[in-house]
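Worksheet: one structure, shown below.
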Amino acid sequence: MGFVGAGYVAVRHVESLARLDGVRITAVTDPRVERMERFARLTGARSYAGHEDMLDHERLDAVYICVPPGAHGAPERTAIERGLPFFVEKPLACDVTTAEGIAELVRDAALPTATGYHWRYLDTVERAAELLADNPPLLVLGFWLDRPPGTDWWLRQDQSGGQLVEQATHLFDLARLLVGDLEVLHADAARLPGADGGEIHRAAMSSLRFASGAIGSIAATCVLSHGYRMGIEFFCSGRTVTLSERELLVDEGVRRWVTTAQGDPFLREDADFVDAVRGGPSQVRAPYAEALRTHRIACAAAAAYTGAKGEVSVRG
Ligand SMILES: NC(=O)c1ccc[n+]([C@@H]2O[C@H](COP(=O)([O-])OP(=O)(O)OC[C@H]3O[C@@H](n4cnc5c(N)ncnc54)[C@H](O)[C@@H]3O)[C@@H](O)[C@H]2O)c1
C-alpha cells in the first residue's frame, strides 16, 4: 500500500492494516515533511515529494488517500490512470463536481474502491438496521454538536467544505443506509459574529424528506469546546432507536436497553478493502459510487446556504 496524506486518519488506518496478514505499507507522500517522516519511521515506508513521484517509482497494489477535502481530485485521478484501487476518506471532496468526475473514471476503469464511512461497520448499526426494517421510523433527528477538530484546514470553507459536508456526512450516510432515499427540503446556517468570509458556518440545520414518507433533520454546530452529542435518533411506532459511535439505545418507555458497540469498524472496513484488492468478491459497504450518493445529499444541504447552484462551489 502507498499513502497520500500522513495525518491523523492515515495513522489510524496504519494501526488497522498492521493487524491484517500480508499487508505492507511501502510508500508515503505528504507536503508536511515532519509528518511524512514520522509516518515513514512508523511504517518503514519510503517518502516521496508528491503522489505522481510516488506512483512513478513504486509498484503498489493500492493507495490510501487521506487528505483534507479540498485536496481531493488529483491523487484519485493519478491512481485511476495507473489502474490502482484506492481507499479514500470521507468526504469525497468539498464539492460535487470533483467527486462526480472521479466516480465516472472509477466506473470506466472498474476499479475496487472503498471510502471512510466507517459507521457502516459498527455492529450496533447492523442491529439498528434490523430493528428499523421491522418497524420503520417516521421521524429522524441527527446531531453533530461538537468542537472544531484541531486540524489547521478544518475551519476554512475552501478546504473542508463546512461541517455538514465534512462531519455530519456520517449522519446523512446513516440516514440513507437505514431509512432509504431522501431529499433535502431546506437548510440554513449561521456564522459567528465577526467571522471572516472564508470561515465555515458554525451552526447548520437541514430538513429532510425520505422516499418512505418519513421526515427528518440533521443539525450541526462546532461552537463548543467539547464533544457534546454526535449521533442519530429514529422515532418508530412505540420505540426510539438512538445510535452514537459508542452505543445503541432502544427505548420503549416501559423497557429500555443499551448495547455497546463491539469490535473496530476501521479494522473491518480496511479488511474488506484489502480483500477487494486481492480480487475476492467485494464486501465493501461504501464503494465510491455509493459514497457519492451520500456526498450529493450533504452538498445539496450546504448549497442551500452557501448559495451554490446544484453544488457547493468552493474552489477558486
Ligand atoms: N472516517 C472518519 O471517521 C475520519 C476520522 C478522521 C478524519 N477523517 C477524514 O480524513 C481526512 C483527513 O483528516 P485528518 O484528520 O487525517 O487530517 P490531518 O490534517 O491530520 O491530515 C491530512 C494530511 O494530508 C496532508 N495533505 C494535504 N494535501 C496533500 C496532498 N496533496 N498530498 C498528500 N498529502 C496531503 C496534510 O499535510 C496532512 O498531513 C478528512 O477528510 C477527514 O474528514 C475521517
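To the nearest 0.05, what FRET efficiency results for residue 188 and residue 135 with a Förster distance of 41 Å applied to their C-beta separation?
Numbers: r = 31 Å, r/R0 = 0.76.
That gives a FRET efficiency of 0.85.
Can you tell which of 165, 11, 258 shows the greatest fluctuation in a Gaussian network model of the chain with Cα springs below 10 Å? Of 165, 11, 258, the most mobile in the Gaussian network model is 258.
Amide H contacts of residue 27: 3, 46, each under 5 Å away and 5 or more positions distant or on a separate chain (H built 1.01 Å from N in the peptide plane; Pro and chain starts excluded). A crude spin-label estimate for the pair residue 15 and residue 282, with each label 7 Å from Cα along the Cβ direction, gives 2.8 nm. Roughly what angle does helix 123-134 make with the longest principal axis of the chain, taking Cα atoms, 0 to 90 degrees, to the nearest 10? Taking the Cα atoms of the chain, the angle to 123-134 is about 40 degrees.
Taking the chain as a Gaussian network, where each spring joins two C-alpha atoms under 10 Å apart, which residue of 138, 192, 267 fluctuates the most? Per the Cα network of the chain with a 10 Å cutoff, 192 tops the list. Roughly how far apart, in whole Å, are the Cα centres of the stretch 35-87 and the stretch 180-238? Between the Cα centre of the stretch 35-87 and that of the stretch 180-238, the gap is 33 Å.
Here the Karplus curve 6.51 cos²θ - 1.76 cosθ + 1.60, taken at θ = phi - 60°, turns the phi angles of the stretch 29-35 into couplings of 9, 6, x, 8, 4, 5, 5 Hz, with x standing for Gly and Pro. Distance between the modelled labels on residue 41 and residue 61, one decimal in nanometres: 2.9 nm (7 Å Cα→Cβ projection). The slack in the chain from residue 212 to residue 224, taken as 0.36 nm per residue of separation less the alpha-carbon distance, amounts to 0.9 nm.
So if we plug the beta-carbon distance of residue 34 and residue 105 into 1/(1 + (r/R0)^6) with R0 = 30 Å, what FRET efficiency do we get, rounded to 0.05?
Values: r = 33 Å, r/R0 = 1.09.
Calculated value: 0.35.
Where in the stretch 230-272 are there trypsin sites (Lys or Arg not before Pro) that are in a DSSP coil and have at most 14 other Cβ atoms within 10 angstrom of their Cβ? Working shown, then result.
Working: sites: 239, 246, 255, 256, 268; in loops: 246, 255.
Of the trypsin sites (Lys or Arg not before Pro), the ones in loops of the stretch 230-272 whose Cβ has at most 14 other Cβ atoms within 10 Å are 246, 255.
Students often get this wrong: which residues of the stretch 98-120 have the backbone nitrogen under 19 Å from the point 7 angstrom along Cα-to-C-beta of residue 52? Output list for this probe position: 102.
Only the coordinates and a few stated rules stand behind these numbers; no lab work does. Fair warning: this is a prediction, and the values are worked out from it, not measured in the lab. Virtual Cβ from ideal backbone geometry, glycine too; neighbours counted across all protein chains shown.
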